[in-house]
Structures are given as C-alpha cells and as structure tokens.
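In what follows, a structure is listed as structure tokens, so that the remarks can point back to it.
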Amino acid sequence: MKCRQCEDILLNYDYEEIPEKIKKEIEAHLSRCIRCAEIWENQQILSKAIKSLPEVSIDEDHIPTLHANIMNSIHREMFRESTQHSRFHVPAGTFRYVAVAVATLAIGIVLGNFIGGPGSTGSVDTPLASANFNELLKNQSLTDIRIEQVDHTTGELVISAARKDNLTLTGNISDPEIQKVLAYALVSDQNPGTRLRSVKLMEGVTTSDAIQQALISSVLNDENQGVRQRALRALAQYPINDDLRNTYLNVISNDPSPALRIEAIQILMQDEDPGTRTAVLNASEEEKNETIQDIVKRFYQEPGQSLEK
C-alpha cells in the first residue's frame, strides 16, 4: 500500500468499518511510514473526542453563534499554521482544520462555552512540579499515552494519559521527569504512533540514562521496524560504550531488517575500540545478504580474507 492510498482511507473512512484485509495492509504500511502512523494516531484522538461527545439538543437560535465560534477557531488555526512550522505536519490541511472544528465543537459543548447550561469537567493539566512521576510510572499504571502538543521552539509539551482517571502532564523536553514519561511511552505504549513520536522527541537528548535505556530496549524489542530504526538512529547520537556496542552487535546478528543491520554496522565503523573489528566479523558470520557481506568485507576484513568459513 502506498502513502496516498493509506492517507485517503485513514482520513475518509471509519477505521472500525474498514475490511480486515485492508486493515492488515494499513498496519503493515504503518510499521514503515512515520507520517501515516502519525495520521493514524491523530485520527484515533479525533475519533475518541467525537465518541465522547454528549448527546445535546441545540436551540436553532444559537446555531449562528455556534457556527461563528467554530469558524473563528478554524481561522485562528489557519493563521497559526501560516506563522509556525511544525515537524509533525499532517499532510492534509483540510483534515487539520476540520479536526480543529470538531475538537472546538466538542470542547464548546462539554464546557458550555458555546451554549449556555452546565458543562462537565475534563482532565486537569498537571504541571511538572505537581506531578509525582515515580508514583505515575510505578507498576506500569499509565495507558493510552498521547503527545498532544509540542512547541519545537521552546520544548514545551503536553502529554495525556489514562490511569483510573484521565491525566494531562505539562512540562519541557529538557525536564528529566518528562523524559522519564517519554521513555516509559516508548517501551510500554501499544500505539506505534505514540512510540514513533516519543523517539522523535528524544532525538538530541543525549544526557538522559532513562532515554538511553529506553532506546536500547526499543531497538532490541519493538515489533515495529519503523520504531526500531528511528530508535537506532537516536542511539547513534550517544558516545559508544559497552552497552551500546553490544546493542549494535545484537542488531547485526539478529535483527530481521537488512536496513537496520547496515545502520548498526555503519555506526560501529566510528568505534575506535580495538576489539570492535573482530566482534563485527563474528556477529556477521552467518549473514546471507550480499550487500551486507560486501560492506563488512570492504571495511573490516583484511585483504585476502573471505566471509565464507
């Protein structure tokens, strides 16, 4: 399945009504395409918001005001998009604005901002200083983790998650405790889109042990090839140590993706440890891919040697 087909299905059809055969093709594509995985995640957020809407009757006299408020929100979003660049760009502008309209309508009805009457309360933002992160992460109590908002200029972000009640955390990517939540999301959340976004936010953070260990775990264990590959690239930013060297060697020996095995070999080409050459040769001794055999032979083997044992 190609990106355009996947995007069209995700943006125009209810996921629950898609035939199982097509779902399998979509899931296979999502494992390779970060952009489509993010669209899928955004659609899940939107679908969840729509399904949570209460059934209300709207007085016709209020419809013009309601419509005006929705359109104002769309116009504000369009202006914001024109003045701010986002790394997480959704490649369907119309969808983005319609999503804002639906979300605005949902919030307006629930909170009573558009229509008079009592409103129900939602989750409350929990600033960094107020959150007990050790308690939150204990016993894997967080589920359905969503990275809702990111300001790539300041690093401020908002993360929502479910426990027994809904939870929203606000903080900065530079905060060690926020980094712990992202690390937790990478190794624990079931949504591949959330795991991919967590990895992308971790790129450039090279001083956190929690993030390094989460990236190692993701490279070795994540079933999604796209997540593993992104995590491997993020790990490449760290200075090579014994843990990372062993991780790369494990990828060379065991990862089913030739692309990841090649990347791991290329990372270890920068390693100055005298034992790395022998370790790479040992890790790749059962390699069947001719391209990888050639890379190893050209860089690691002495003239006259062969990969064949």
Ordering of 218-230, 6-18, 275-287 by packing [mean C-beta count within 10 Å, highest first]: 218-230, 275-287, 6-18
Förster radius 25 Å - calculated FRET efficiency between D242 and S174 (Cβ-Cβ, nearest 0.05): 0.40
Simple spin-label estimate for E25 and N12 in nanometres, 7 Å along Cα-Cβ: 1.4
For region 254-287 versus region 1-15, the gap between their alpha-carbon centres in whole angstrom: 37
Listed pairs K24/K297; K24/K288; K21/K180; K180/K288 exceeding 32 Å between Cα atoms: K24/K297; K21/K180; K180/K288
Label-point gap, in nm, between E272 and E285 - each point 7 angstrom along Cα→Cβ: 2.9
Net lengthening on full extension, S217/A162 (0.36 nm per residue, minus Cα-Cα): 17.5 nm
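We did not get these values from a lab; they are worked out from the coordinates using the rules stated. Remember, predicted model here, so these are calculated numbers, not experimental data. No Cβ is skipped: glycine too gets one built from the backbone with ideal geometry, and neighbour counts run over all protein chains shown.
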